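Values in this text are rule-based calculations from the coordinates and carry no lab data. All of these numbers come straight from a predicted model, not from anything done at the bench. Quick reminder, even Gly has a Cβ in these numbers, built from the backbone with ideal geometry, and neighbours come from all protein chains shown.
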Amino acid sequence: MEEKQAIQRLKQGDIGGLEFLVARHQVRAVRTAYLITRDLGLAEDVAQDCFLQAYRSIRHFDGSRPFEPWFMRSVVNASVKTMQKSARQVEVGDEADESMFAELAARVESVEERVESIEIQNKIWEAMRKLSPRQRAVVVQRYFLEMSEKEMADEAGAAAGTIKWLLHAARERLRTALAERSDE
């Protein structure tokens, strides 16, 4: 089955189309939500809610456009809203971080390089924690989802200048936070 067929099946009320879309987009959706929320359980809940919302609103989806950008926009927006509602920041160092960092460190050759790599990643996550959920979202969209500023603006229904400003503010805040951490 192809994505267009799955969407068409969903529009006809066949839940089998959703199964295909979940299998195809779930990993990226959870990763995206996790990068914004920094909580794996919360990220899984956000992704699940977004798939259910996609099922409910698929009749409004323009089948001539790609599904993934439309869907991922809902994941990003839901993640930001969840973080704004909860108004909490997740501490660095939880088990999900440790497993992710362990996997990345396993690729590094020497013990010294492994330690340095983990320290750098911890500094980056700590700096990301200091960003607002919306700033984190634009960083994830730009550098993880590899979206252009124009794509981000189009998907958010915002002016390109707004997205550029959010990215600039996020990068400046990251620079400042990383500089503070390196002075310690």
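Worth a mention:
- For a label point 7 Å along the Cα-to-beta-carbon line of I15, residues of segment 53-76 with backbone N under 18 Å: 53-59
- When the alpha carbon gyration tensor of segment 1-90 is reduced to an equivalent ellipsoid, the three semi-axes, largest first, read 25, 12, 10 Å.
- Placing pseudo-labels 7 Å out from each Cα toward the beta carbon at A179 and R28 gives an inter-label distance of 3.6 nm.
- The label-point distance for K81 and S57, in a model that sets each label 7 Å from Cα toward Cβ, rounds to 0.7 nm.
- Separation of the alpha carbons by more than 26 angstrom is noted, of K130/K164; K85/K130; K11/K150; K85/K150, for K11/K150; K85/K150.
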